[in-house]
1. Report those strands (runs of 3 or more DSSP E) wholly inside segment 1-70 carrying at least 3 residues which are surrounded by 13 or more Cβ atoms within 10 Å (Cβ to Cβ), modelled with pLDDT of 95 or more and within 14 Å of the chain's Cα centre (by Cα).
2. List the residue pairs whose Cβ atoms are under 6 Å apart, where the first residue sits in segment 59-73 and is free of Cβ contacts under 8 Å to residues at least 60 places away in the same chain and farther than 20 Å from residue 40 by Cα, the second is part of a helix (DSSP H, G or I) and aliphatic (A, V, I, L, M), and the two are 6 or more positions apart or on different chains.
3. Would you pick out the residues in segment 1-22 that are under 17 Å from residue 51 (Cβ atoms) and of a type outside the set (D, E, K, R)?
4. I'd like the full set of residues that are out of contact with any Phe, Trp or Tyr (no Cβ under 8 Å at 6 or more places or on another chain), assigned to a strand (DSSP E or B) and within 16 Å of residue 9 (Cβ to Cβ), limited to segment 71-97.
5. Would you pick out the residues in segment 1-38 that are within 19 Å of residue 68 (Cβ to Cβ) and in contact with a strand residue (DSSP E or B) (Cβ under 9 Å, 6 or more places away or on another chain)?
Amino acid sequence: MKRIELIMGRNIPDGGRVSDYMINEFIRNEIMPHFEYGTFIDGEGLWKGEYEKTKIFYIEVADSEAIATAVLLRHVADRYRKQFRQESVLVSEVETSTSWIT
């Protein structure tokens, strides 16, 4: 299994920030239509020495689905970067060990 993560910074260069409303609209329009499941986490971090709130979306997929999922998330990341003039956007892939509890 692989975890593919999209980390979206919320500070807008030259002032302002991506509001809760703006990020929620982006999620509804750009992420939800492409995925049947996934997890969102609110985070905090640093970018270029500045404190920044983040929104993280991650999805666990079989190894056979990892490349296609990562490509799709990179397209979503690019739309986020352009829409909100972002420099702080990351797509990462992590090997995981998953067990289902029923």
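1. Numbers: elements: 2-9, 39-47, 50-61.
Hits in segment 1-70: 2-9, 50-61.
2. none
3. 7, 8, 9, 11, 12, 13, 15, 16, 18, 19 - these are the residues of segment 1-22 that are under 17 Å from residue 51 (Cβ atoms) and of a type outside the set (D, E, K, R).
4. Across segment 71-97, the qualifying residues are 90, 91, 92.
5. Initially, segment 1-38 is screened for residues within 19 Å of residue 68 (Cβ to Cβ), giving 1-6, 30-38.
Matches in segment 1-38: 1, 2, 3, 4, 5, 6, 31, 35, 37, 38.
The values are calculated or read from the model by the stated rules, or taken from the named source; none is laboratory data. Here the structure is a predicted model, which is why all the values come from computation and not from measurement. All Cβ positions, glycine included, derive from the backbone under ideal geometry; neighbour counts span all protein chains shown.
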